[in-house]
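The values are calculated or read from the model by the stated rules, or taken from the named source; none is laboratory data. Here the structure is a predicted model, which is why all the values come from computation and not from measurement. Using ideal geometry, Cβ is built from the backbone for each residue, glycine included, and neighbour counts are taken over all protein chains shown.
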């Protein structure tokens with residue numbers, strides 16, 4: 001069975017390559033569907049495959065750039081990418097990310113901050129999960145009220161509408177974001193991208209997990225446009241990250257390419273699935289992914305508090321994350337399959 | 001206005017690529033890992049790739065950045081062709097919210 005293993009030329013280790021393809025498919029589906037890179041899912045997977053941790057982040061970012069490019073191309077054809085918004089946000093994201101990353105290095109020199117960062121991440125994830133499920137509950141409440149009043153239920157109604165308040169800020173220059181259907185101050189996306197970039201820099205993450213809900217709830221993007229535009233951002237920041245990590249000798253391109261084989265299939269499945277699953281379906285699944293991510297961090301924190309049970313907590317965290325990746329990607333794949341079957345059947349019927 | 005934006009974005013991108021150490025913090029501490037890849041057990045393209053890594057991290061990084069999007073586009077186009085062949089409409093979707 002030696003043919004199932006491939007020697008990584010830089011890291012110098014043999015890796016089970018079908019495992020890389022399977023991992024690529026899983027995170028490709030989830031990434032294309034939610035509009036995020038998904039580093040928190042890839043790293044434990046690479047760890048299990050025996051990948052040296054020094055190469056895990058760089059390799060993940062390199063494959064993420066390629067995967068996001070594929071998803072952005074597809075979302076772009078669906079009309080889900082607001083390129084103008086993406087480019088405006090890119091400036092704030094890069095500046096914010098660097099400010100956050102430099103700030104965390106400065107804090108590290110002052111003392112141990114990783115526990116504080118993990119708690120901060122946890123609070124943020126809890127807030128995002130609350131926001132998503134509160135939004136879903138508000139939408140359902142509105143639908144119930146409309147039914148009780150005998151009014152027709154508006155299919156385009158949304159739960160939380162904080163963006164309407166933010167759109168009242170009229171600091172020039174004002175901009176039209178045609179794809180997202182937004183008219184707002186240019187400072188709003190710049191501020192949002194700076195804030196999300198800064199948080200991503202502090203937390204040491206790509207930022208899709210924060211940016212996607214921010215695009216929906218603060219800027220007021222429709223879910224599909226938020227997913228597509230976020231992927232456009234992930235693609236550019238991924239390329240930039242791939243350059244810097246590779247320059248520092250932390251990328252194993254052979255592994256990234258093998259993962260990309262799986263991710264290119266997965267990204268297409270995830271992206272096409274957004275055709276068949278309504279915006280709120282995406283939001284609910286995203287909320288579940290956020291809860292999974294939070295649980296894995298809690299387990300990592302517990303591993304720090306109880307060193308004697310470290311292995312147990314770490315393994316549970318890995319099983320949880322990989323279990324979540326598997327179940328979410330299977331769910332999205334089945335939904336995509338079901339939708340595609342109906343579409344093809346409808347075409348044949350016509 | 002359009003030209004101004006293009007220039008700003010162009011210069012920002014150029015600055016980032018010319019000074020990658022600006023993003024050193026993104027690597028979680030910024031410390032470089034100096035590793036010489038062991039090419040003894042490698043042959044063909046793998047040996048060439050590892051040698052390129054040993055010779056110049058910069059060329060290695062530039063080639064990686066060029067290869068990733070190229071491979072992404074190739075795989076993306078192939079997947080597009082397969083899905084179009086199956087009969088999935090890849091050009092439109094129904095609007096399900098505002």
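How about segment A:3-39: which of its residues are away from every other protein chain (no Cβ under 14 Å), surrounded by fewer than 21 Cβ atoms within 10 Å (Cβ to Cβ) and in contact (Cβ under 8 Å) with a residue 24 or more places away in the chain?
Matches in segment A:3-39: A:16, A:19, A:22.
Going by what's in this entry, would residue A:226 be described as touching a strand residue (DSSP E or B) at 6+ places or on another chain (Cβ under 6 Å) and touching a residue at least 24 places away in the same chain (Cβ under 8 Å)? Write out each step before concluding.
Numbers: touching a strand residue (DSSP E or B) at 6+ places or on another chain (Cβ under 6 Å): no; touching a residue at least 24 places away in the same chain (Cβ under 8 Å): yes.
Spelling it out, it is not the case that residue A:226 is touching a strand residue (DSSP E or B) at 6+ places or on another chain (Cβ under 6 Å) and touching a residue at least 24 places away in the same chain (Cβ under 8 Å).
Which is farther than 19 Å from residue A:124 by Cβ, within 13 Å of chain B (Cβ to nearest Cβ), assigned to a helix (DSSP H, G or I) and at pLDDT below 85, of A:318, A:271, A:244? Break it down stepwise before answering.
Details: A:318 fails: within 13 Å of chain B (Cβ to nearest Cβ); A:271 fails: at pLDDT below 85.
Residue meeting the stated conditions: A:244.
Under 24 Å from residue B:50 (Cα atoms), in contact with a helix residue (DSSP H, G or I) (Cβ under 7 Å, 6 or more places away or on another chain) and crowded, with 24+ Cβ neighbours inside 10 Å: which single residue out of A:56, A:62 fits that description? Give the steps one after another, and end with the answer.
Values: A:56 fails: crowded, with 24+ Cβ neighbours inside 10 Å.
Only one candidate qualifies: A:62.
Which residues, counting only those in segment B:57-66, are at the interface with chain A (Cβ under 7 Å from one of its Cβ atoms) and farther than 11 Å from residue A:63 by Cα? Give the steps one after another, and end with the answer.
Kept after step one, since they are at the interface with chain A (Cβ under 7 Å from one of its Cβ atoms), are these residues of segment B:57-66: B:57-58, B:60-61, B:64-65.
Residues satisfying the conditions are B:57, B:58, B:60, B:61.
Looking at (1) touching a helix residue (DSSP H, G or I) at 6+ places or on another chain (Cβ under 6 Å); (2) touching a residue at least 60 places away in the same chain (Cβ under 8 Å); (3) surrounded by 23 or more Cβ atoms within 10 Å (Cβ to Cβ), find the lone condition where residue A:291 falls short.
(3)
Go through segment A:295-304 residue by residue and tally those that are surrounded by fewer than 18 Cβ atoms within 10 Å (Cβ to Cβ) and at pLDDT 85 or above.
The number of residues fulfilling the criteria is 3.
Identify the residue in segment A:67-115 that is more than 11 Å from chain B (Cβ to nearest Cβ) and outside any helix (DSSP H, G or I) and, among all such residues, is surrounded by the fewest Cβ atoms within 10 Å (Cβ to Cβ).
Ranking the candidates gives A:111 first.
Looking for something within 25 Å of residue A:335 (Cβ to Cβ) and assigned to a helix (DSSP H, G or I) - is there at least one such residue anywhere in segment A:5-17?
Of segment A:5-17, the ones within 25 Å of residue A:335 (Cβ to Cβ) are none.
No, segment A:5-17 contains no residue that is within 25 Å of residue A:335 (Cβ to Cβ) and assigned to a helix (DSSP H, G or I).
Listed here are the residues, each with its yes/no results for (1) on the phi < 0 side of the Ramachandran plot; (2) surrounded by fewer than 20 Cβ atoms within 10 Å (Cβ to Cβ); (3) assigned to a loop (DSSP other than H, G, I, E, B).
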{"residue": "A:165", "(1), (2), (3)": "yes, yes, no"}
{"residue": "A:216", "(1), (2), (3)": "yes, no, no"}
{"residue": "A:221", "(1), (2), (3)": "yes, no, yes"}
{"residue": "A:260", "(1), (2), (3)": "yes, no, no"}
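Is it the case that residue B:26 is in a helix (DSSP H, G or I), within 8 Å of another protein chain (Cβ to nearest Cβ), closer than 30 Å to residue A:107 by Cα and modelled with pLDDT of 85 or more? Give the steps one after another, and end with the answer.
Working: in a helix (DSSP H, G or I): yes; within 8 Å of another protein chain (Cβ to nearest Cβ): yes; closer than 30 Å to residue A:107 by Cα: yes; modelled with pLDDT of 85 or more: no.
Spelling it out, it is not the case that residue B:26 is in a helix (DSSP H, G or I), within 8 Å of another protein chain (Cβ to nearest Cβ), closer than 30 Å to residue A:107 by Cα and modelled with pLDDT of 85 or more.
Within segment A:180-198, count every residue that is in a helix (DSSP H, G or I) and over 14 Å from the mean Cα position of the chain (by Cα).
In the first step, residues of segment A:180-198 are kept if they are in a helix (DSSP H, G or I); the result is A:187-198.
In the following step, the residues that additionally are over 14 Å from the mean Cα position of the chain (by Cα) were identified as A:187-195, A:198.
Looking only at that region, the number is 10.
Pairs needed: first member in segment A:41-57, without any contact (Cβ under 8 Å) to a residue 12 or more places away in the chain; second member anywhere, surrounded by fewer than 22 Cβ atoms within 10 Å (Cβ to Cβ); C-beta distance under 7 Å; at least 6 residues apart or different chains.
If the second residue must be surrounded by fewer than 22 Cβ atoms within 10 Å (Cβ to Cβ), the pairs left are A:53/A:47.
If only one of A:151, A:164, A:142, A:168 is over 29 Å from residue A:238 (Cα atoms), out of contact with any strand residue (DSSP E or B) (no Cβ under 6 Å at 6 or more places or on another chain) and touching a residue at least 24 places away in the same chain (Cβ under 8 Å), which one is it? Steps first, answer last, please.
Values: A:151 fails: touching a residue at least 24 places away in the same chain (Cβ under 8 Å); A:142 fails: touching a residue at least 24 places away in the same chain (Cβ under 8 Å); A:168 fails: touching a residue at least 24 places away in the same chain (Cβ under 8 Å).
None of the other options fit; the residue is A:164.
So residue A:236 passes all but one of these: (1) facing chain B (nearest Cβ under 10 Å); (2) buried (at least 23 other Cβ atoms within 10 Å of the Cβ). Which condition number does it fail?
(2)
List, please: which pairs have Cβ atoms under 8 Å, are six or more places apart or on different chains, and start with a residue in segment A:102-131 that is farther than 28 Å from residue A:285 by Cα and end with one that is assigned to a loop (DSSP other than H, G, I, E, B)?
The qualifying pairs are A:104/A:113; A:104/A:204; A:105/B:29; A:105/B:30; A:107/A:113; A:108/B:29.
State all residues of segment A:316-336 that are without any contact (Cβ under 8 Å) to a residue 60 or more places away in the chain and surrounded by 14 or more Cβ atoms within 10 Å (Cβ to Cβ); if no residue qualifies, say none.
The first filter runs over segment A:316-336 and keeps only residues without any contact (Cβ under 8 Å) to a residue 60 or more places away in the chain, leaving A:316, A:319-320, A:323, A:327, A:330-331, A:334.
Scanning segment A:316-336 gives A:316, A:319, A:320, A:331.
Scan segment B:74-82 and tell me whether some residue there is closer than 19 Å to residue A:54 by Cβ and at pLDDT below 85. So that I can check it myself, show each step before the final result.
Step one: list which residues in segment B:74-82 are closer than 19 Å to residue A:54 by Cβ, which gives none.
No, that holds for no residue.
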